[in-house]
1. Could you work out the helix-only [θ] at 222 nm for the chain, with each DSSP H run of four or more residues adding -39,500 (n - 2.57) and the total divided by the number of residues, to the nearest 500 deg cm²/dmol?
2. Which residues' amide hydrogens lie under 5 Å from the amide hydrogen of Ile170, considering only partners 5 or more residues apart or on another chain, with H built in the peptide plane?
3. Would you please give the FRET efficiency between Arg14 and Asp50, computed as 1/(1 + (r/R0)^6) with r the Cβ-Cβ distance and R0 = 45 Å, to the nearest 0.05?
4. Pull up the DSSP beta bridges for the chain and report the antiparallel fraction as a percent, rounded to 5.
5. State, as an integer percentage, the relative contact order of the chain based on alpha-carbon contacts under 8 Å between residues 6 or more apart.
6. Step through the table entries Lys15/Lys198; Lys60/Lys160; Lys47/Lys111; Lys107/Lys198; Lys118/Lys198; Lys15/Lys60, compare each Cα-Cα distance with 22 Å, and write down the pairs that go over it.
7. Could you pull out every residue, at least 5 positions away or on a different chain, whose amide H is within less than 5 Å of the one on Thr147? Hs are placed 1.01 Å off N in the peptide plane, and Pro or chain starts have none.
8. State the Cα centre-to-centre distance between the range 151-206 and the range 1-80 in whole Å.
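Please treat every number below as a calculation from the coordinates, not as lab data. Everything numeric in this text was worked out from a predicted model, so none of it was measured. Backbone-built Cβ (ideal geometry, glycine too); neighbour counts: all protein chains shown.
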Amino acid sequence: MMIMEMNPDHPQPRKVERIHEILLDGGIIAYPTDSVYGIGCDIFNRKAVDRLNKLVSEIKRSKKHSLSFICPDLSDIARYAYINDNAYRIMRRLLPGPYTFVLEATKQVPKLMLEKRKTVGIRVPDNQIPLEIVRVLGNPIATTSATDGDTLIPDPWTIKDLYGHALDAIIDGGYLFPEPSTVIDFTDDYPVILRQGKGSTEEFDFVEQA
């Protein structure tokens, strides 16, 4: 397991390619976003998803959990989720940013990612490191927040101490002041805030509070 420093504004291509190789080989990585440190893997690698699910059960201390996707941009989201016109207008204004959007999944989403659900949570974080990784990979990574129980982990060294045994690489993006993303459900006619987090919704009047 390695800890790799990476330029947050201009991720070094050589380092991104090394992470790409790890993901293709079924690896699990930890990485910074604009809200928290995430832990993720290639959504199309069954071995990796199984490993990640096992780790998430350890991290969340519960068998009930769901994984979100990291996508590089709005156009890529449309491959994996249905976006109506209203959702598209809103998401175009908010992305990239600290939001997770719950959307109806398309057939492009691997069945192992859905289980009984037919929805996906999708993020486009305002952080070049994960965006460049998924651009090079060519598809999303499944992701969960790095936590110690209910506490979000702010730095790569704590992640190493707690979960290094289950990770193949940790990308050092420095110390964060982690705050969960705002979760907005777009599966019904009117969007609903499922969780108010870092992403502001104060200037918008388009959502209801769950």
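1. Counting only the DSSP helices, I get -9000 deg cm²/dmol.
2. For Ile170, whose amide H was placed from the backbone, the distant partners under 5 Å are Met2, Ile3, Met4, Ala30.
3. For R0 = 45 Å, the calculated efficiency reads 0.95.
4. The antiparallel fraction comes to roughly 60 percent.
5. Here the relative contact order equals 32 percent.
6. Exceeds cut-off: Lys15/Lys198; Lys107/Lys198; Lys118/Lys198; Lys15/Lys60.
7. Ile153
8. 13 Å
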